[in-house]
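Here the structure is laid out as structure tokens; the discussion comes afterwards.
The values are calculated or read from the model by the stated rules, or taken from the named source; none is laboratory data. Predicted model, so just to flag it, every value in this text is computed and none were measured. Cβ atoms come from the backbone with ideal geometry, glycine included; neighbour counts cover every protein chain shown. Surface areas here come from the heavy atoms of the whole protein model, side chains and all, with no ligands, DNA or RNA. Shrake-Rupley method; radii C 1.70, N 1.55, O 1.52, S 1.80 Å.
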Amino acid sequence: MSLRDIVIMGDPVLRQSAEEVDTFDEELETLVSDMFETMYAADGIGLAAPQVGILRRVLVVDLRREDEPDARVALVNPRVTWQSQETDRQPEGCLSIPGLEDVVERPVSVRIEGYDPEGLPVALEVDDLYARALQHEIDHLDGILFVDRVTPLKRRMLLKKWKKLRAEAEKAGK
Ligand code: NI
């Protein structure tokens, strides 16, 4: 296992659509364990493969420290196959957009189908934070970031703040 570099907003890889996985091999296993390790090291609760520069439809989520004892999962080729009409609005952040956070409206409950890293089919019906985290990570597989899911005005404000944060980081030599 090894830590991967997390790419941040501005890198074009985050804006591309990831490709379906068709071989469940050792390389995939390594990717998944590296993604978990990278996510834990960055103190995150979810990570999608494009965030480590790999354009494959793979994501990991672990919400156990958020009082969701069963919410640890790695999904390959996940799809939302049902979503509730009911939505809620909760703050979101992203390891690829450090320093920014905003409220995003999403369906409260979703059904997600995909595969585990061994290639076995998985179907999950989840609510609240678990549903939100999975939707956020699936968005990454389609090149969508949470800043795309706020109002245009909010988006402009977020991008302005992001520019400032990046300029400061550059000055500090990061
Ligand atoms: Ni994210």
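Keeping all protein chains in place, calculate the accessible area per residue for region 12-171 (probe 1.4 angstrom), answer in Å².
Numbers: 8530 Å² over 160 residues.
Result: 53 Å² per residue.
Taking only C-alpha pairs under 8 Å that are 6+ residues apart, what is the relative contact order of the chain in percent?
Working: 306 pairs, mean separation 38.6, N = 174.
Normalised by residue count, the contact order of the chain is 22 percent.
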(request) Name the shape class, rounded, prolate or oblate, that the alpha-carbon gyration tensor gives for region 135-174, where a ≥ b ≥ c are the square roots of its eigenvalues, rounded holds for a/c under 1.5, and otherwise prolate holds if a/b is larger than b/c and oblate otherwise. (result) oblate
(request) Would you please give the residues with an amide H less than 5 Å from that of V122, counting only those at least 5 places away or on a separate chain, with H modeled from the backbone geometry? (result) G114, Y115, D116
(message) What does the C-alpha gyration tensor say about the overall shape of region 36-79? Classify as rounded when a/c is under 1.5, otherwise prolate if a/b is larger than b/c, or oblate.
(response) oblate
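Stokes-Einstein at 20 °C, 1.002 mPa s, Kirkwood radius from Cα pairs: D for region 1-44 in µm² s⁻¹? Numbers along the way, then the final one.
On the way: Rh = 12.0 Å.
Calculated translational D: 179 µm²/s.
Using only alpha-carbon positions, what ratio does the radius of gyration of the chain give when scaled by 2.2 N^0.38 Å? Working shown, then result.
Details: Rg = 15.8 Å, N = 174, 2.2 N^0.38 = 15.6 Å.
In units of the 2.2 N^0.38 Å rule of thumb, it is 1.01.
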(message) Ignoring everything except DSSP H segments at least 4 long, calculate the 222 nm mean residue ellipticity for the chain; use -39,500 (n - 2.57) per segment, divide by total residues, nearest 500.
(response) -9500 deg cm²/dmol
(request) Pop out the carbon and sulfur fraction of the accessible area of the chain as a percent, whole number, probe 1.4 Å. (result) 48
(message) Roughly how far apart, in whole Å, are the Cα centres of region 128-156 and region 107-124?
(response) 18
(request) Multiply the residue separation of D142 and R79 by 0.36 nm, subtract the distance between their alpha-carbon atoms, and state the gained length in nm to one decimal. (result) 21.6 nm
(request) Per residue of region 75-85, in order, report the coupling 6.51 cos²θ - 1.76 cosθ + 1.60 (Karplus, θ = phi - 60°) as ³J(HN,Hα) in whole Hz, putting x for Gly and Pro. (result) 10, 10, 6, x, 9, 7, 9, 7, 9, 6, 5
(message) Place a point 7 Å from the Cα of E101 along the Cα-to-Cβ direction; which residues of region 117-135 have their backbone N under 17 Å from it?
(response) 129-130, 132-133
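Calculate the dipole size of the chain relative to its Cα centre from +1 charges on Lys and Arg beta carbons and -1 charges on Asp and Glu beta carbons; express the result in debye to the nearest 20. All intermediate terms of the calculation are to be shown ahead of the outcome.
Numbers: 23 positive and 35 negative charges, 280 e Å.
The calculated dipole for the chain is roughly 1340 debye.
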(request) Compute the distance in nm between two label points, each set 7 Å from the Cα along the Cα-to-Cβ direction, one at D116 and one at S33. (result) 1.6
(request) Step through the residues of region 11-24 one at a time and calculate ³J(HN,Hα) from phi using the Karplus curve (6.51 cos²θ - 1.76 cosθ + 1.60, θ = phi - 60°), rounding each to whole Hz and writing x for Gly and Pro. (result) 6, x, 4, 6, 9, 9, 8, 7, 8, 4, 8, 10, 10, 9
(message) Place a point 7 Å from the Cα of K171 along the Cα-to-Cβ direction; which residues of region 86-102 have their backbone N under 19 Å from it?
(response) 98-100
(request) Can you bin region 88-143 into rounded, prolate or oblate? Criterion: square roots of the alpha carbon gyration tensor eigenvalues sorted a ≥ b ≥ c, rounded for a/c under 1.5, prolate for a/b above b/c, oblate for the rest. (result) oblate
